[in-house]
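Beneath this line is the structure, given in structure tokens, with notes to follow.
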Amino acid sequence: MKLYVTYTSPYARLARIVVAQKDLADRVEIIEAKTRTAGSDYYQINPSGRVPYLVDDAGIGMEDSQVICAYLDRLDGTPWLHTRRDDDWAYRRIEAAARSLCDGIAVWVREMRRPENERSPAILAHEAARIERLADRFETEVSLPLLQAEPTMAHLVLAVALDTARFRGFGDLTASRPGLGRWMERMSRLPGMRATAW
């Protein structure tokens, strides 16, 4: 299989973490894609140009980190991250909030990469406020049994979001949030997190 990524994408990092954590390196080749480049050969593989993108052994491609991570997690028949039932609303609520945090950070980072005279102050302010509100929420929620339990996809999304904020210029969201800091310290020890660290 081929997994197309960029090394700055938090979504591609989620897929890379699953590959590392599940020890799938012998089954999944990781390839750096050229995105946001006119005429990139990658667009012939994935017309949307998004990452991650997985081409399975049958040559069928799929995109979206949620789909790819679920697929990779189940390859060996023993899912690690996707063990919750579809009607587990408490879990789904937390994963959705973690994805919202990750989305806000990704939008903020992309906006900051634009030339200064092209950046939208309204977008930056909106996303910064969203990021801080969600970080405050997770300062409380990381003490819940669900987030203290064995890692799930929600754990990985939250951890990758926090790392993205720290290493892509937004700042360390755990600095003034000790509960989140202790939780992130534990998550940072996962082999998949260490193997894909920025």
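The values are calculated or read from the model by the stated rules, or taken from the named source; none is laboratory data. The structure displayed is predicted, hence computed values, not measured ones. Methodologically, a virtual Cβ is constructed for each residue, glycine included, from the backbone with ideal geometry; neighbour enumeration extends over all protein chains shown.
If I ask for residues that are more than 29 Å from Ile131 (Cβ to Cβ) and in a loop (DSSP other than H, G, I, E, B), which ones from segment 57-92 would you list?
Asp57, Ala58, Gly59, Ile60, Arg74, Leu75, Asp76, Gly77, Thr78, Pro79, Arg85, Asp87
What's the number of the only condition in (1) more than 26 Å from Gly169 (Cβ to Cβ); (2) in contact with a strand residue (DSSP E or B) (Cβ under 6 Å, 6 or more places away or on another chain); (3) surrounded by fewer than 21 Cβ atoms within 10 Å (Cβ to Cβ) that Leu54 fails to meet?
Of everything listed in (1) more than 26 Å from Gly169 (Cβ to Cβ); (2) in contact with a strand residue (DSSP E or B) (Cβ under 6 Å, 6 or more places away or on another chain); (3) surrounded by fewer than 21 Cβ atoms within 10 Å (Cβ to Cβ), Leu54 misses just condition (3).
Answer yes or no as to whether Leu101 is touching a helix residue (DSSP H, G or I) at 6+ places or on another chain (Cβ under 6 Å), at pLDDT below 95 and surrounded by 18 or more Cβ atoms within 10 Å (Cβ to Cβ).
no
Quick one: in segment 58-97, of everything that is of a type in the set (Asp, Glu) and within 14 Å of Thr152 (Cα to Cα), which residue is surrounded by the fewest Cβ atoms within 10 Å (Cβ to Cβ)? It would help to see each step written out before you state the result.
Initial filter on segment 58-97 (of a type in the set (Asp, Glu)): 63-64, 73, 76, 86-88, 95.
Those still in the list that are within 14 Å of Thr152 (Cα to Cα) too: 73, 86, 88, 95.
Numbers: Asp73: 19, Asp86: 7, Asp88: 14, Glu95: 20.
The selected residue is Asp86.
Give me the pairs: first residue in segment 134-148 and under 19 Å from Cys102 (Cα atoms), second residue among the acidic types (Asp, Glu) and in a helix (DSSP H, G or I), beta-carbon distance under 8 Å, and six or more apart or on different chains, which are they?
Leu147/Glu141
Run Pro151 past the list (1) over 18 Å from Leu72 (Cα atoms); (2) in contact (Cβ under 8 Å) with a residue 60 or more places away in the chain; (3) surrounded by fewer than 23 Cβ atoms within 10 Å (Cβ to Cβ) and report the number of the one that doesn't hold.
(1)
Any residue at all in segment 70-86 that is of a type in the set (A, V, I, L, M) and at pLDDT 95 or above? First the steps, then the outcome.
Step one: of segment 70-86, the residues of a type in the set (A, V, I, L, M) are 70, 72, 75, 81.
Filter once more, so that each one left must be at pLDDT 95 or above: 70, 72.
Yes - at least one qualifying residue is present in segment 70-86.
Which residues, counting only those in segment 26-46, are hydrophobic (A, V, I, L, M, F, W, C) and either surrounded by 15 or more Cβ atoms within 10 Å (Cβ to Cβ) or at pLDDT 95 or above (or both)? I'd like the intermediate steps shown before the answer.
First, pick out the residues of segment 26-46 that are hydrophobic (A, V, I, L, M, F, W, C): 28, 30-31, 33, 38, 45.
Listed by number, the residues that qualify are Val28, Ile30, Ile31, Ala33, Ile45.
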